[in-house]
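The values are calculated or read from the model by the stated rules, or taken from the named source; none is laboratory data. Here the structure is a predicted model, which means the values were calculated and not measured. No Cβ is skipped: glycine too gets one built from the backbone with ideal geometry, and neighbour counts run over all protein chains shown.
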4 protein chains.
Amino acid sequence: MSSTYGTIFKISTFGESHGPAIGVIIDGCPAGLAFDTDFIQHELDRRKPGQSRITTQRREADEFEVLSGVFEGYTQGTPIALIIRNTDQRSKDYGHISEQFRPSHADYTYQTKYGSRDYRGGGRSSARETAARVAAGAVAKLMLAQQGVQITAYVSQVGKLKLEKPYSELNLALAEENAVRCPDPETAEQMFDYIDGIRKQGDSVGGIVDCVIKGAPVGLGEPVFDKLHAELGKAMLSINAVKGFEYGSGFAGVEQLGSTHNDEFYTDESGRVRTKTNQSGGIQGGISNGEDIYFRTAFKPVATIMQDQDSVDVNGQPVTVSGKGRHDPCVVPRAVPIVEAMAALVLADLYLRNKVAKV
Amino acid sequence: MSSTYGTIFKISTFGESHGPAIGVIIDGCPAGLAFDTDFIQHELDRRKPGQSRITTQRREADEFEVLSGVFEGYTQGTPIALIIRNTDQRSKDYGHISEQFRPSHADYTYQTKYGSRDYRGGGRSSARETAARVAAGAVAKLMLAQQGVQITAYVSQVGKLKLEKPYSELNLALAEENAVRCPDPETAEQMFDYIDGIRKQGDSVGGIVDCVIKGAPVGLGEPVFDKLHAELGKAMLSINAVKGFEYGSGFAGVEQLGSTHNDEFYTDESGRVRTKTNQSGGIQGGISNGEDIYFRTAFKPVATIMQDQDSVDVNGQPVTVSGKGRHDPCVVPRAVPIVEAMAALVLADLYLRNKVAKV
Amino acid sequence: MSSTYGTIFKISTFGESHGPAIGVIIDGCPAGLAFDTDFIQHELDRRKPGQSRITTQRREADEFEVLSGVFEGYTQGTPIALIIRNTDQRSKDYGHISEQFRPSHADYTYQTKYGSRDYRGGGRSSARETAARVAAGAVAKLMLAQQGVQITAYVSQVGKLKLEKPYSELNLALAEENAVRCPDPETAEQMFDYIDGIRKQGDSVGGIVDCVIKGAPVGLGEPVFDKLHAELGKAMLSINAVKGFEYGSGFAGVEQLGSTHNDEFYTDESGRVRTKTNQSGGIQGGISNGEDIYFRTAFKPVATIMQDQDSVDVNGQPVTVSGKGRHDPCVVPRAVPIVEAMAALVLADLYLRNKVAKV
Amino acid sequence: MSSTYGTIFKISTFGESHGPAIGVIIDGCPAGLAFDTDFIQHELDRRKPGQSRITTQRREADEFEVLSGVFEGYTQGTPIALIIRNTDQRSKDYGHISEQFRPSHADYTYQTKYGSRDYRGGGRSSARETAARVAAGAVAKLMLAQQGVQITAYVSQVGKLKLEKPYSELNLALAEENAVRCPDPETAEQMFDYIDGIRKQGDSVGGIVDCVIKGAPVGLGEPVFDKLHAELGKAMLSINAVKGFEYGSGFAGVEQLGSTHNDEFYTDESGRVRTKTNQSGGIQGGISNGEDIYFRTAFKPVATIMQDQDSVDVNGQPVTVSGKGRHDPCVVPRAVPIVEAMAALVLADLYLRNKVAKV
């Protein structure tokens, strides 16, 4: 009962890394939305493995099939089921881990919680599950685009390499121009080389993905528990390898004084209420205020490395876990479309919830 | 539909800052739990205003009444309703803001989303709502204590003043000995003086609350969306003034390599599977692994300050917002029991959900 | 976690028959609804005990207090908490049943499920809980009335005494003119005398409540599980003592042929699509079609009777249960406002859900 | 958001009658359940079309594929996705209804609610969706069978032909021996001939399905809204063509007196608390009491008939709807496994919910 997210625009994902297929049902997408299959495939392609030499060499076409909910090119208000067949599974690569607990993976906790686990490629705990989120998120993006909402994520840090400029000084469109998805070409090149070096060492490294949402109307987010940033935080933290989330001034805001941190209001020339600064990250009292929504998500170094590590087996006996298989030395380039997809799912749901806020 | 949290151990809070009462219903607390009213009142007392000169001088006894769900000292499996009457409301202090949007408060977003707002003391957006969470969290703590789970939060940073020691080197019990709730007495004193100075300036400052959970069994947390840390993150981010959340190695983990970041497994002398390090913060694949659960929550400087600020009124006209009323110059000392309460609510729910993981 | 109903217009009730209070939180009522306290009290008065000599002589004023969610006469989009203090409890009347299982009551099942029970007046299983539903239902009615939706229930059968006329031949407004709430004065009088006779025997008898909803727009109800009639059915069956539910042609429709049962469409003079007959009870494919919604709910004879009955005690030993306390010899007159309230809650929720059906 | 049922054992169905596939995700099935694919296929075969000449001649193998959640023959606690490809679609049979509203179908209400509809074979409103429920219900049955719970439904009425004997006097196993699924061979034969005659007339007729659940433990069902019979009622009413539901004494119980209707308790020779009679249908206060659970579900005559009917088109113009395609002249024989499946889904969910009733 935990593979479901959303209150009105509700998704349920399913599938193991090496089972027959992964997929998602969207139950609650409104009727009448033009269903752009090319766009959805494009989003899946942004996430798929094998895009460059700094991502895993697993080869999956990640082509999706629509099983329901779409008729003559439009959504019908009925559940939309999307599936992606698993094609390049190489299960034999994983046979050796059937009895071992890989460090900082979910092997031990799944085995203990459920009494068994599908060990092939991490089974349900594999990041492959996020392809289903990207597919669903693409549908959410289609709905939001109709409302003028644009979501853009990019890589702002890899290891200690930081993009120092704020997003307002960047051309975010450049992020898609390079394999790292960093919108500053020079920094992107440094990051690429750094990740490639880490890859050659058989090691991995972490990074940070920033996300900016433009065009969101005032009013998205619900008071108390389902605040916009609380939902965004949960959504981001539910992505594999995420260790932290902050929005607006974030952790750094802690050190400021209220007198400098507060965002003063003014009325702009068009008569719209605006804030002079945006330490709030576009969210006040858990509700969007019409400014850019801005947040950052921290990813740890991927747990799979091509080095020997000490561990124990399912009987608690010491073993050496040897790195095999294929992996991403740094997850953030492929995490960019996942962050965007989860943000889209959060906003789509809160957009629909906001439709019933007033009589 | 947003004042409800939890799947099995489900709470619904209600109440405005200056309405007749605030309160909470717990729907899903198992029957047979000894209902310790003294403990619940003790937890409320830890959160209540007026505890020292660095917290707001609003005077509320915050005594709660049990309306249902408890019979002869035990929970009955039926909804537990707890209410706290609002006693010291001084609504006239707030009349001046009925037409103004205070910077970095929820005034503007509520007004726009709902078409009106109860402006008295922030109405529903007031942090007073968290008293209801603390009451419910105390019930969750009672259930968890039976399972050997102990939750302890403390202040680790105020402005730029940081407690540099990791929690393992601290005597966490000392946190309750001082008004700041920092377990290092010397740092606590510095923090107190700093906050008091800020108070005299009529300003405010942010801070960080750390939380450590000991004794949690392996298996709490659900795969995919309702990961333990995703639920903790949402719960913390839903607290007023929170801007960020991280667990285990957190944002700093980004800069590490996988080879040093991974937590290798071993079997301890009692035969239990353990990890040598705990960068995972006690959570792997979204599920508790039996190590200490550890996370940090960042609070911004409180938006209410005793200084003049530029803003606009409900008609978009420029106004000067003058600081009046009572406020906390730094929210973190009183946030400690709130963080603990939300953590308890998350764990109580996931503990019950874990009971149905296997046939 | 079972005292909650609704997806958007969500209610949570609480309270035991002889505890301090009962009440309800409405989480999801839109902002901007004029909150008519007189109307709500009027609805509670229709349900309250002691209205005539054929209802229980328990005396409860059933005055409600609003704890939150309403400001300056309007709902705020925040949770509305309503409580009703229990005043005439006479707990000593019930002491004798603390150790006994009353036949066809919930004593045995509660005791076994939860390991204990608040036996005073049935505790949580008491029909007193329905006062909270009536209060919440009154708020739902206020919202629906703005949309032109009118809900009217009435007694159509008591024991074997049946009101033979269909609702279209009755003046439903007459139902409130007599103690039985049957809109046919002559039948009402027979029913009254019959119930009064049953009362004198210390016995009880069942009955049927019919309900007609006029003015509902086309489109209420969701496909598949949350069909309008499935939600109505669940709502009615959740009322104490209900044994059956049917809508439109109901059980009698079973004996018809499709060629006579089908409701043919035509276009009326105003251009609106209508059906010539209404065997569908205003619902097709689970969705309202604009015709009158019509359903019937069967109530068993109340389990509490003033006669000796064989039973067992909590240790399984034979006992004689003696009828004491106060009771309704026939529940249907007071069930009328409860049926209406539950219907209103169903429609209010589906009305809001329908707002997000299309982009 | 309405194709989802259940709180812990949660299912989401998807699929249109003539789309690529229908299916279901079960999110919340515990780990460790032996997944008997033969049994699931057997249940689907009981529902599939073309079983005899009194059911629709549509030919669908209804073979299902498992996409996730099962590994080495056991459930893993992760979502179980099952799909059934649509093979015999003959969409051209339905082209003529793309512009027409068939009487007593969902065409008009879907078109109005969503602004469009997949008219092919009824699209989402087709009873074909129930195949997904039967597949999920079979998994629920597997879990319940481990607890000794057995669910058996059968046809008790077709048109005016009634099986007069109570279930206790029948050998329910005989129901599967004939095409009507009536456990009394003689009545079954009459029913078969009657339905066959109706079929030849191009007409349809209604019927009633009874259901008996043996072996359910005491304690299933939740107080207040999610009473066992309220959940069963909703589940049954959500099946296409259902018009009524009753349990235990049902509508007939209305005419009884409390003194004869009450089920007196006694302790049987094994020391178990029992009731002498079972007018309660195995449910008291919404919770199972250990006696047989018994309920009845009324199905209307199928709306599709092979006769001309008056109606209107999507523009409100008069049209004649001509019966074409294939249909069931009486739905109850094939409804039997659907009723059982829905009952199993209700009980599986309440069984898991009951696991967290006590500390």
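What to note about this one:
- Output for region D:192-217, where each listed residue is within 11 Å of chain C (Cβ to nearest Cβ) and among the aliphatic types (A, V, I, L, M): D:I198, D:V205, D:I208, D:V209
- Filtering A:L220, A:L237 for residues that are more than 15 Å from the chain's Cα centre (by Cα), surrounded by 24 or more Cβ atoms within 10 Å (Cβ to Cβ), at negative phi and within 11 Å of chain B (Cβ to nearest Cβ) leaves a single hit, A:L220.
- A single member of B:D203, B:D193, B:D226 is without any contact (Cβ under 8 Å) to a residue 12 or more places away in the chain and either farther than 30 Å from A:I338 by Cβ or of a type outside the set (S, T, N, Q) (or both), and it is B:D193.
- Qualifying residue in region A:150-160 (condition: closer than 19 Å to D:T78 by Cβ and either within 14 Å of chain B (Cβ to nearest Cβ) or in contact (Cβ under 8 Å) with a residue 24 or more places away in the chain (or both)): no
- Residues (more than 8 Å from chain A (Cβ to nearest Cβ) and not aliphatic (A, V, I, L, M)) located in region B:291-304: B:E291, B:D292, B:Y294, B:F295, B:R296, B:T297
- Criterion violated by B:R120 - all others in (1) within 14 Å of chain A (Cβ to nearest Cβ); (2) within 23 Å of the chain's Cα centre (by Cα); (3) buried (at least 20 other Cβ atoms within 10 Å of the Cβ); (4) not hydrophobic (A, V, I, L, M, F, W, C) satisfied: (1)
- Residue satisfying all of: in region A:17-50; more than 14 Å from chain D (Cβ to nearest Cβ), in contact with an Asp or Glu (Cβ under 8 Å, 6 or more places away or on another chain) and assigned to a loop (DSSP other than H, G, I, E, B); farthest from A:A106 (Cα to Cα) among these: A:G50
- Where D:V356 falls short, out of the listed (1) at the interface with chain C (Cβ under 10 Å from one of its Cβ atoms); (2) of a type in the set (V, I, T); (3) part of a helix (DSSP H, G or I): (3)
- Residues that are within 19 Å of C:P217 (Cα to Cα) and either modelled with pLDDT under 95 or within 12 Å of chain D (Cβ to nearest Cβ) (or both), drawn from region C:310-350: C:M342, C:L345, C:V346, C:D349, C:L350
- All of (1) of a type in the set (V, I, T); (2) under 20 Å from C:R53 (Cα atoms); (3) out of contact with any Gly (no Cβ under 8 Å at 6 or more places or on another chain) hold for C:V158 with one exception: (3).
- The sole residue among C:Q279, C:Q307 that is touching a residue at least 60 places away in the same chain (Cβ under 8 Å), within 8 Å of chain D (Cβ to nearest Cβ) and not in a strand (DSSP E or B) is C:Q307.
- Out of C:G28, C:G73, sole residue that is in contact (Cβ under 8 Å) with a residue 24 or more places away in the chain and either within 23 Å of the chain's Cα centre (by Cα) or more than 30 Å from B:G115 (Cβ to Cβ) (or both): C:G28
- When B:P329 is tested against (1) out of contact with any Lys or Arg (no Cβ under 6 Å at 6 or more places or on another chain); (2) part of a loop (DSSP other than H, G, I, E, B); (3) more than 18 Å from B:E246 (Cα to Cα), just one condition goes unmet, and that condition is (1).
- Scanning region B:151-174 for residues being of a type in the set (G, A, S) and under 15 Å from B:T297 (Cβ atoms) gives a total of 2.
- For the criterion of being surrounded by 21 or more Cβ atoms within 10 Å (Cβ to Cβ) and out of contact with any helix residue (DSSP H, G or I) (no Cβ under 8 Å at 6 or more places or on another chain), B:I198 passes.
- Residue match in region C:58-66 (condition: buried (at least 21 other Cβ atoms within 10 Å of the Cβ), away from chain D (no Cβ under 14 Å) and outside any loop (DSSP other than H, G, I, E, B)): yes
- Verdict on C:G32 being at pLDDT 95 or above, on the phi > 0 side of the Ramachandran plot and buried (at least 24 other Cβ atoms within 10 Å of the Cβ): no
- Residue in region B:240-249 that is more than 7 Å from chain A (Cβ to nearest Cβ), closer than 18 Å to B:E291 by Cβ and either in contact (Cβ under 8 Å) with a residue 12 or more places away in the chain or touching a Phe, Trp or Tyr at 6+ places or on another chain (Cβ under 7 Å) (or both) present: no
- Members of region D:97-154 that are among the polar types (S, T, N, Q) and assigned to a loop (DSSP other than H, G, I, E, B): D:S98, D:S104, D:S116, D:S126, D:Q147
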